[in-house]
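The values are calculated or read from the model by the stated rules, or taken from the named source; none is laboratory data. What you see is a predicted model; the values in this text were computed from it and never measured. When we count neighbours, we look across all protein chains shown, and the Cβ atoms used for this are built from the backbone with ideal geometry, even at glycine.
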Amino acid sequence: MEIKTIAGDIARIKADAIIVNLLEGSKKLDGGLARIDQALDGAISHLIRRGEIKGKLKEATLLHSLGKLPAERVVVIGLGKKKELTLDKVRQAVAEACRLLRRKNAGNIAITPVGAGLVGITPEMAAQTIAEGALLGLYTFRQHITKKPEHGEIKRLTIVGADKAEVALLEQGSRKGRILAEAANLARDMVNEPANYETPAQMANTAAEAAKSYGLEVEVLEREQMRKLGMGALLGVAQGSEQPPKFIILRYKGGKSSDIDLLLAGKAITFDSGGISIKPSEGMGEMKGDMAGGAAVIAAMSAVAQLKPNINVTALIPATENLPSGRAVKPGDVLTAMNGKTIEIISTDAEGRMILADALSYASTLKAKRIVDVATLTGACMVALGKICSGAFANNQELANAVVTAGNEAGERIWQMPMFEEYKEQNKSDVADIKNAGGRYGGAITAAQFLAEFAGDTPWVHLDIAGTNMTDKEQGYLVKGATGVPVRTLVNLVLALATPPKNKRRTRR
Ligand code: BES
Ligand code: MN
Ligand code: ZN
């Protein structure tokens, strides 16, 4: 889909449809909406008086202009109450309107900068949000469906600004929105792709492609190099699979120094059968998405490379399958991670923390200033928080706050969980330095405490996305399947940590 920005009057745009917005409880129609209403002989104000249009969030009303406007259709989207308006609501409303219009086979649509001028929303922010809402909401994964879709395709979305100055801002915003949404959709593609296609090697290919397209450095460590580095935990998980493991490294250099300002690590289990501690077969197929953390990190790096902030970011993606076989690791086995710590395997199904143990050990040799890891780590996190927010676990409050803020900005909610020392007790082993499962209670926290041992003293946040990386309903800008969480959060975090560009340096308050 092409996203254009132009200066003009939405009431005079020729398109298959125009999208305008209405706040709940607003007494008077303003600007473009008033002109459209007038052209339609008062049809909109009539529907408002009749109570058929209320302006409630996600309410979408489709009217045909029957030649009274250059545009064929008008969609009035509700934004809810003004004081409750957020950017995420705009994102959701735009997505719903776009899907409605796709069902009607509209190919060319136009929209006003929804939300701009309200509750501190700038034109830039509005355009970014519109681009995200449209591109995320219209996402489909039809890779393996041979039949043509029943709906058409929206080929062009035009954001209509008041004048040239506003259009320049809209243009900037929509470019950023496109980069963020396309990155999230890249992660969605990887997660939705079946495990027989999305192998560790395939993930390495995608990383290499992103690196080539946008200018990142890429390095992929093979089994032999992992062995030399002593990545015994990752190799242990990989030894039950016929697919060669890959340790993918992406480097973005936008800062002046040689320091790594931020290190991202992502769990990439391309299929998690549980290994010898095998999972029940029902729903096991969903474990093709157990590489969502790694996918998010690769996708976020592709967006960072395009946005070019002044910061250095390195990404580590340990990728392997977790399968049972005659060569697979067994409960009771002891493995040695790259940092020399020994791990007793209680459950081969607690494999994510094993591969991250080596990624975090590797990270500590790089002396990164901060670490954020992302993983579909525990069912326990989903039990605790449901599918509404990801869990955050941290050894540093400042970084935790930055991650939560970046998440809120993206509409990808994050809730911080406790990290009391006492939880560590559950990870004590009688035969090794630590064990890989700490029992039923507080499973998301004991998993995080396990990772903390490998993150060391570096400020670190762990995001458990087990509940948030997939959704089973179409809602707002989410469609069934992978959500792309937390790609936009990670990119926002990188931008927030970067030194602002010279002409944009914030003035001191
Ligand atoms: N990949 C799973 C966690 C998961 C569960 C992600 C459901 C998404 C949806 C992880 O590897 C796992 O199996 N964790 C175990 C840990 C346990 C054995 C300590 C779990 O949560 O049961
Ligand atoms: Mn598992
Ligand atoms: Zn797993």
**Asked** So VAL485 fits all but one of (1) β-branched (Val, Ile, Thr); (2) more than 16 Å from ligand 1 (Cβ to nearest atom); (3) within 22 Å of LYS89 (Cα to Cα); what number is the exception?
**Response** (2)
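Matching residues to (1) among the small types (Gly, Ala, Ser); (2) assigned to a helix (DSSP H, G or I):
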site: ALA187; (1), (2): yes, yes
site: VAL191; (1), (2): no, yes
site: ASN205; (1), (2): no, yes
site: ALA210; (1), (2): yes, yes
site: ALA233; (1), (2): yes, yes
site: GLU242; (1), (2): no, no
site: TYR252; (1), (2): no, no
site: GLY255; (1), (2): yes, no
**Failed item, numbered, when ALA328 is tested on (1) without any contact (Cβ under 8 Å) to a residue 24 or more places away in the chain; (2) within 16 Å of ligand 2 (Cβ to nearest atom); (3) not β-branched (Val, Ile, Thr)** = (1)
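Suppose the filter is over 25 Å from VAL479 (Cβ atoms) and modelled with pLDDT of 95 or more; does ALA204 pass it?
On the way: over 25 Å from VAL479 (Cβ atoms): yes; modelled with pLDDT of 95 or more: yes.
Yes; evaluated as a whole, the condition is true for this residue.
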**Message:** Please determine whether any residue of segment 381-402 is of a type in the set (Ser, Thr, Tyr) and within 12 Å of ligand 1 (Cβ to nearest atom).
**Reply:** yes
**Message:** I'm checking my understanding of the structure. Among residues of segment 289-325 that are over 14 Å from ALA204 (Cα atoms) and hydroxyl-bearing (Ser, Thr, Tyr), which one is farthest from ligand 2 (Cβ to nearest atom)?
**Reply:** THR314
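Would you confirm, using the coordinates I've provided, whether ASP373 is within 15 Å of ligand 1 (Cβ to nearest atom), modelled with pLDDT of 95 or more and in contact with a Gly (Cβ under 8 Å, 6 or more places away or on another chain)? Reasoning before the result, please.
Working: within 15 Å of ligand 1 (Cβ to nearest atom): yes; modelled with pLDDT of 95 or more: yes; in contact with a Gly (Cβ under 8 Å, 6 or more places away or on another chain): yes.
Yes; evaluated as a whole, the condition is true for this residue.
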**Message:** Residues that are over 24 Å from GLU474 (Cα atoms), assigned to a helix (DSSP H, G or I) and in contact (Cβ under 8 Å) with a residue 40 or more places away in the chain: does segment 106-123 have at least one?
**Reply:** yes
**Request:** Could you check how many residues of segment 260-288 are touching a strand residue (DSSP E or B) at 6+ places or on another chain (Cβ under 6 Å), in a loop (DSSP other than H, G, I, E, B) and away from ligand 2 (no atom under 12 Å from the Cβ)?
**Result:** 2
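Pull up segment 92-105, narrow it to residues that are in a helix (DSSP H, G or I) and either basic (Lys, Arg) or free of Cβ contacts under 8 Å to residues at least 40 places away in the same chain (or both), then point me to the one that is farthest from PRO149 (Cα to Cα). Break it down into steps so the answer makes sense when it comes.
Step one: filter segment 92-105 for residues in a helix (DSSP H, G or I), giving 92-103.
With the extra rule that they be either basic (Lys, Arg) or free of Cβ contacts under 8 Å to residues at least 40 places away in the same chain (or both), the set shrinks to 99, 102-103.
Details: ARG99: 13, ARG102: 11, ARG103: 11 Å.
Within segment 92-105, the match that is farthest from PRO149 (Cα to Cα) is ARG99.
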**Prompt:** Which members of segment 255-286 meet the condition of being buried (at least 19 other Cβ atoms within 10 Å of the Cβ) and within 16 Å of ligand 1 (Cβ to nearest atom)?
**Reply:** ALA265, GLY266, LYS267, ALA268, ILE269, THR270, PHE271, ASP272, SER273, GLY275, ILE276, SER277
**Complete:** Flagged pairs (Cβ under 7 angstrom, 6 or more apart or on separate chains; first in segment 363-388, more than 24 Å from GLY230 (Cα to Cα); second hydroxyl-bearing (Ser, Thr, Tyr)) are LYS387/THR468; LYS387/THR471
**Request:** Can you work out which of the residues in segment 242-254 that are surrounded by fewer than 23 Cβ atoms within 10 Å (Cβ to Cβ) and of a type outside the set (D, E, K, R) is nearest to the chain's Cα centre (by Cα)?
**Result:** ILE249
